[in-house]
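Every number in this text was worked out from the coordinates using simple rules, so none of it is lab data. Because the structure is predicted, anything quoted here is derived from the model rather than measured. Every residue, glycine among them, receives a Cβ derived from its backbone with ideal geometry; neighbour counts consider all protein chains shown.
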Amino acid sequence: MVGIYFFCPDELNDLFGSQGEKSQKDKGKNQTRRKNPPHGINVSQHGARIEKPNKFDYNLVVIGGGSAGLVSSYIASAVKARVALIEEDKMGGDCLNTGCVPSKSLIASARLLAQAARAKEFGLQKAEISFEFSDIMERVQSKISQIEPHDSVDRYTALGVDCIQGRARVLSPFTVGVGDQVLTTRNIILATGAKPMVPELKGLDQVDFLTSDTIWDIREQPKRLVVLGAGPIGCELAQAFQRLGTQVFLVQRGMGIMKKEDADAVVPVMERFRQEGMTLCLDHTAKEIQVRGDEKTLICDHKGQTVEIPFDRILIALGRTPNTKGMGLEDLGVSLTENGQIEANGFLQTNYPNIYCCGDVHGKYQFTHTAAHESWYAAVNALFGRFKKFQVDYRVIPWATYTDPEVARVGSNEQEAKAGNIEYEKVIYGIDDLDRAIADSENTGFVKVLTVPGRDVILGVTIVGHHASEMIAEFVLAMKHGIGLNKILGTIHIYPTMAEANKYAAGLWKKAHAPEKLLAWVEKFHTWMRNH
Ligand SMILES: Cc1cc2nc3c(=O)[nH]c(=O)nc-3n(C[C@H](O)[C@H](O)[C@H](O)COP(=O)(O)OP(=O)(O)OC[C@H]3O[C@@H](n4cnc5c(N)ncnc54)[C@H](O)[C@@H]3O)c2cc1C
């Protein structure tokens, strides 16, 4: 789901200025280690000679029409390069068709039901809502259809991109095959995304399991749903289905959910899950699925005990596998990381200097906005790298998990700071104290800010609460532009808003860093003034 709004004209006019804080002189710093660096692009990794065409059809061929591919080709066409975008399935990729858009649409319907269930908290005796599950799933599709034109072949063709439907194969660093066509190109961007990881779980092949790719097709509501995996995708979908009336069992091998977040950040989420009737099966290791007649059961190990969880449908949400197979990368010897992602240096170049990658197939951060962010670097480096290259700036990466309460983060949290031996100070402002949150009966969560000890420099922020994903934007801006808490405190925030919590967190930091000696002197001054 990529709109024109990703790029302001300034960025396009100022290709070399806006995101290029780091340039050629940083070459070598923080770069990914290359396996078997090629001796030149005239020889493949396997030693075969590669013919470099005398002329090229394209400046850039982009493989994959998801967020990363769309943005890459958009940038290329905006700077008047000749660009082809090859997509084998639906334009818009995961984000539009099976990811962000459908999940947030489903969450919106489920939220309304959850609000109704809390009617008494709002002074209402009862709010009854009746619905057909299939209508909710059709609404999800209608939201996809509404957004689809943003990512469509028509739109991108009008922008000057040659959109080609089909499965691409990289034949050489200069040629890409699609159907019976062979395109010659100066540069290639691999933006082929990722797909749900399916584990080797005994008995899984006996059930019609769901993934984030297929769940959008169901029209019959499961009565009992096992969600295997309590990462962001598992948690968001588990809560949505529980709110719609499905009995959800959220099964997680470890003791916590959303393990990248601090333990205190996920406590309010787990509490809400339990209040809403979800069964949290933590420290449960899935062993096998048994099918006896119509009854399906997930067998788990829990602290040495066997636990049986009967279910109607099971959703596998155990992470995502990069799409790198069957497209010629093995033959060419394009290097992959241990996680199976495409390996690239800081300029997003693979071990072939004219083959770049971006988005989920490469990224450490698997989000639409990071795919878009990387695309700028991949496209600009591919097209203008002979003059100037830009190293991807990963310093300020925000994200959110859209559970209720939401969990949003930018920069380091405590567990990361501790793991990296980074010293920090922290302030926590409890949202239970915030006027707007109280008025809205949404007084759960906190704003936690980590700073460099003794300095007004933000290291990271975690926000848990209603609209945390919106509230974090102020800190994203602050961190990106080196603004500290003093400035946030000195900024007028509208009353009463959730965003005021950011200012109160800054206020707590200020209080903790009050100039005690000066205040002691000032107190003496006031005493003196009262006596004269
Ligand atoms: C349920 C869910 C919810 C999510 N929610 C959010 C969210 O709220 N916010 C957020 O930021 N991110 C979210 N994400 C993540 C986000 O969807 C991805 O990070 C993003 O879509 C990655 O974009 P991409 O272009 O790298 O890959 P994709 O969107 O996967 O696009 C890759 C494209 O390449 C095509 N392709 C692959 N191989 C070939 C080939 N050989 N030839 C031609 N085409 C090929 C595929 O068909 C696909 O269309 C969510 C993901 C899921 C699954």
Practice problem: Search the structure for amide H atoms under 5 Å from the amide H of LEU318, placed 1.01 Å from N in the peptide plane, and list their residues when 5 or more places away or on another chain. | Solution: MET197
Quiz item: What share of Cα pairs, in percent, lie more than 19 angstrom apart in region 341-400?
Solution: 22
Quiz prompt | Positive-end residue of ILE355, ALA382, VAL334, charge dipole of region 299-391 with Cβ unit charges | solution = ALA382
Quiz item: How far is it, in nm, from the label point at LEU112 to the one at LYS260 when both lie 7 Å from their Cα along the line to the Cβ?
Solution: 3.1
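Relative to the present Cα-Cα distance, how much length would full extension add between LEU124 and ASP440 at 0.36 nm per residue of separation? Display every interim value, and only then the final one.
Values: separation 316, 0.36 × 316 = 113.76 nm, distance 1.37 nm.
Working it through step by step, the gained length comes to 112.4 nm.
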Exercise. Counting only DSSP beta bridges with both residues in region 85-200, tell me the antiparallel percent, nearest 5.
Key: 75
Quiz prompt | Computed Kirkwood radius, in angstrom, where 1/r is averaged over Cα pairs of region 393-506 | solution = 14.0
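Which of the peptides 78-91, 354-367 is most tightly packed, and how do the rest follow, going by the mean number of other Cβ atoms within 10 Å of each residue? Write down the numbers at each step before the final one.
Values: 78-91: 20.5, 354-367: 25.1.
Ranked by mean Cβ neighbours within 10 Å, highest first: 354-367, 78-91.
Can you list the equivalent-ellipsoid semi-axes of region 100-179, largest first and in whole Å, using the square root of 5 times each Cα gyration tensor eigenvalue? Working shown, then result.
On the way: eigenvalues 407, 33, 25 Å².
Square roots of five times the eigenvalues give 45, 13, 11 Å.
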Self-check item: Extension gain from ASN531 to ASP217, taking 0.36 nm per residue of separation minus the Cα-Cα distance
Solution: 105.1 nm
Quiz item: When the C-alpha atoms of region 281-405 are aligned to their principal axes, what extent does each axis show, in angstrom, from largest down?
Solution: 65, 42, 27
Quiz item: FRET efficiency for PHE387 and LYS52, Cβ-Cβ distance as r, R0 = 22 Å, nearest 0.05?
Solution: 0.60
Self-check item: Amide proton proximity set for GLU288, modelled H, under 5 Å, gap of 5+
Solution: ILE299
Practice problem: Obtain the nm distance between the two label points defined at THR306 and ALA419 by a simple spin-label model: each point lies 7 Å from its Cα along the Cα-to-C-beta direction. | Solution: 3.5
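So, counting K/R as plus one and D/E as minus one, what does the shell of residues with Cβ under 9 Å around THR184 add up to?
On the way: positive: LYS55, ARG186; negative: ASP57.
Net charge around THR184: +1.
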Practice problem: Given the peptides 228-236, 125-133, arrange them by the average over their residues of other C-beta atoms within 10 Å, most packed first. | Solution: 228-236, 125-133
Practice problem: Convert each backbone phi in region 430-436 into a coupling constant with the Karplus relation 6.51 cos²θ - 1.76 cosθ + 1.60 (shift: θ = phi - 60°), then list the ³J(HN,Hα) values in order as whole Hz, x for Gly and Pro. | Solution: x, 6, 4, 9, 8, 4, 5
Quiz item: Modelled label-to-label distance, TRP521 and THR279, 7 Å Cα→beta-carbon offset: nm?
Solution: 6.7
Exercise. Give the Rg/Rh ratio for region 230-291, taking Rg as the radius of gyration of the Cα atoms and Rh as the Kirkwood radius, to two decimals.
Key: 0.97
Practice problem: Could you give the spread of the C-alpha atoms of the chain along their three principal axes, from largest to smallest, in whole angstroms? | Solution: 90, 76, 47
Quiz item: Just for the Cα atoms in region 118-225, what are the lengths along the principal axes, largest first, rounded to whole Å?
Solution: 68, 45, 23
